[in-house]
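Inspection log for the structure reproduced underneath, given as structure tokens.
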Amino acid sequence: MKLRCFCLAIAFLITTPAFAQQSAPSPADAPAAKDDIQHLFEVMQIHQQMRQVMDAMMKQQSAMIHETLKERYPQTSAERIARADQMIAETMKDMPMDAILDDMIPIYQRHFSKADIDAMSTFYASPTGQKMMREMPALTSESMQASYARIQKQMDAMTKRAEQIVKEDQEKPKSAPATTPASPQKN
């Protein structure tokens with residue numbers, strides 16, 4: 001669940017440029033080159049943005065794990081909680097940001113023309129675009145905090161239902177292989 005929230009936050013951050021451009025690319029527009037998209041990512045300061053989001057997510061994930069461990073395992077020691085925090089930190093540190101961005105380039109190329117990418121680069125280079133990028137980590141973090149209780153409630157309900165299904169399946173008697181009833185003999 002926690003990893004899904006993180007992935008959603010990263011996807012939101014990476015797809016944000018789509019919201020700045022309202023027009024759909026026309027078939028006549030030239031396709032965006034890899035360099036064009038990399039320039040957009042530079043203007044957006046996407047590496048720094050991803051790092052800030054990851055840091056905010058790490059703090060939030062740590063708090064959620066602490067809460068979950070204390071709720072499900074009240075006897076959990078401070079040492080185990082510290083190990084969970086360390087695991088989160090290592091996971092975030094090892095996140096392959098360059099590879100993630102490289103994976104995004106062909107997606108941007110399919111959805112945006114060179115003109116679209118140039119327009120987004122212009123927007124994100126502007127004072128308003130720069131402000132948006134400065135505020136994006138806080139927006140993402142606050143949005144996730146605001147939606148956490150609702151998402152957690154749904155995830156808990158889904159987990160309980162899945163546990164119930166497993167329990168019901170385990171309680172079913174093991175049935176013998178199906179046999180076909182013998183057909184009545186005609187005399």
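Remarks
- All conditions but one from (1) at pLDDT 80 or above; (2) β-branched (Val, Ile, Thr); (3) under 13 Å from Pro137 (Cα atoms) apply to Val43; the one that does not is (3).
- Among the residues of segment 27-64, the ones that are of a type in the set (Gly, Ala, Ser), over 15 Å from the mean Cα position of the chain (by Cα) and outside any loop (DSSP other than H, G, I, E, B) come to 2 in all.
- Checking the stated criteria, Ser147 turns out not to satisfy the condition of being among the polar types (S, T, N, Q), assigned to a helix (DSSP H, G or I) and in contact with a helix residue (DSSP H, G or I) (Cβ under 6 Å, 6 or more places away or on another chain).
- Subset of segment 100-137 that is touching a residue at least 24 places away in the same chain (Cβ under 8 Å) and within 17 Å of the chain's Cα centre (by Cα) - its residue that is farthest from Pro31 (Cα to Cα): Pro137
- Exactly one residue out of Met87, Met57 is loosely packed, with under 14 Cβ neighbours inside 10 Å, modelled with pLDDT under 85 and aliphatic (A, V, I, L, M): that is Met87.
- Where a residue in segment 78-99 is under 17 Å from Gln52 (Cβ atoms) and its partner, wherever it lies, is of a type in the set (S, T, N, Q) and surrounded by 10 or more Cβ atoms within 10 Å (Cβ to Cβ), with Cβ under 6 Å and at least six apart: Ile88/Gln61; Ile88/Ser62
- Some residue of segment 118-128 being surrounded by 10 or more Cβ atoms within 10 Å (Cβ to Cβ), touching an Asp or Glu at 6+ places or on another chain (Cβ under 8 Å) and within 23 Å of Gln38 (Cβ to Cβ): yes
- Some residue of segment 97-110 being more than 22 Å from Thr140 (Cα to Cα), surrounded by 11 or more Cβ atoms within 10 Å (Cβ to Cβ), of a type in the set (S, T, N, Q) and touching a strand residue (DSSP E or B) at 6+ places or on another chain (Cβ under 7 Å): yes
- Every residue from segment 90-100 that is assigned to a helix (DSSP H, G or I), out of contact with any His (no Cβ under 7 Å at 6 or more places or on another chain) and at pLDDT 80 or above: Glu90, Asp98, Ala99, Ile100
- Unique residue being of a type in the set (Asp, Glu), in a helix (DSSP H, G or I) and under 23 Å from Ser147 (Cα atoms) when the list is Glu67, Glu79: Glu67
The values are calculated or read from the model by the stated rules, or taken from the named source; none is laboratory data. Please read these numbers as outputs of a predicted model, since none were measured by experiment. Note: ideal-geometry Cβ built from the backbone for every residue, glycine included; neighbour counts use all protein chains shown.
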